[in-house]
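Right, one structure below, let's go through it.
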Amino acid sequence: VSGYTEHDFTATWTPITNTGMPFDIPYSDNIGITLPFDFPYDGATIAGGSTIQVNGNGSIGLTSVLPPTDQTVAQTMLGNASYPGLLAIFSSDMDLDGDGYWQVDGTAPNRVFTIENEDTWFLGSPHFNECAWQVKLYETSGTIEFIYQFHNNQFKKNTIQTGCIGLNGLSTPSFVFN
């Protein structure tokens, strides 16, 4: 995915749980949300009005291809041409105890579409290791921000489990930051 780089986030976490539109994220499933504006991505434009897929296992699909719900695939989907347009904020076998929220801020052509998933943790780990995340999509620039409520939170589980962070291009190689 050309044009994307990793940068440290230094702003303050701002939840949208009181201002955003709630939606239910089924465990190990996808839910469709309408993209509110045209979004430039990987040399193409994802059309406003398209349905994007939010997955309870920490990924978002920008195309009609559904993000994987199987743990093994979720951890190996980056760089896999079978999943074009996939955003992996922390993709693994996750559990959740909360709702998702979405919100649009700003005015055209400078809107920001925020998707938030609250209270997420590794499946089988204690609930006190929960974390929330947000994905922000910027209308004109195509900027994508992955924002985590707790930057230093350790997900703990009895066995070693990893998560994937990165982007799959529509037709170009992936950007991966593990």
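Filter region 65-75 down to the residues that are touching a strand residue (DSSP E or B) at 6+ places or on another chain (Cβ under 8 Å) and surrounded by fewer than 16 Cβ atoms within 10 Å (Cβ to Cβ), then identify the one that is modelled with the highest pLDDT.
Per the criteria, the residue is 65.
For residues that are at pLDDT below 90 and hydroxyl-bearing (Ser, Thr, Tyr), tally how many sit in region 119-145.
The total comes to 2.
Conditions first: (1) modelled with pLDDT under 95; (2) over 15 Å from the mean Cα position of the chain (by Cα). Residue 29 passes all but one, so which condition is the exception?
The failed condition is (2).
Among the candidates 34, 51, single out the residue that is surrounded by fewer than 16 Cβ atoms within 10 Å (Cβ to Cβ), under 15 Å from residue 136 (Cα atoms) and either charged (D, E, K, R) or in contact with a strand residue (DSSP E or B) (Cβ under 8 Å, 6 or more places away or on another chain) (or both).
One residue alone meets the criteria, 34.
From the residues in region 36-64 that are assigned to a loop (DSSP other than H, G, I, E, B) and modelled with pLDDT under 85, which one is nearest to the chain's Cα centre (by Cα)?
The qualifying residue nearest to the chain's Cα centre (by Cα) is 58.
Which of the residues that make up region 13-26 are of a type in the set (A, V, I, L, M, F, W, C) and modelled with pLDDT of 85 or more?
Answer for region 13-26, where residues must be of a type in the set (A, V, I, L, M, F, W, C) and modelled with pLDDT of 85 or more: 16, 21, 23.
Which members of region 1-28 meet the condition of being open to solvent by less than 70 Å² (accessible area, probe 1.4 Å), in a loop (DSSP other than H, G, I, E, B) and more than 15 Å from residue 142 (Cβ to Cβ)?
9, 11, 13, 15, 16, 17, 20, 25, 26, 28
The values are calculated or read from the model by the stated rules, or taken from the named source; none is laboratory data. All of these numbers come straight from a predicted model, not from anything done at the bench. Here the Cβ is made from the backbone with ideal geometry for all residues, glycine too, and neighbour counts use every protein chain on show. These area figures cover heavy atoms from the full protein model, side chains too; ligands, DNA and RNA do not enter into them. Shrake-Rupley method; radii C 1.70, N 1.55, O 1.52, S 1.80 Å.
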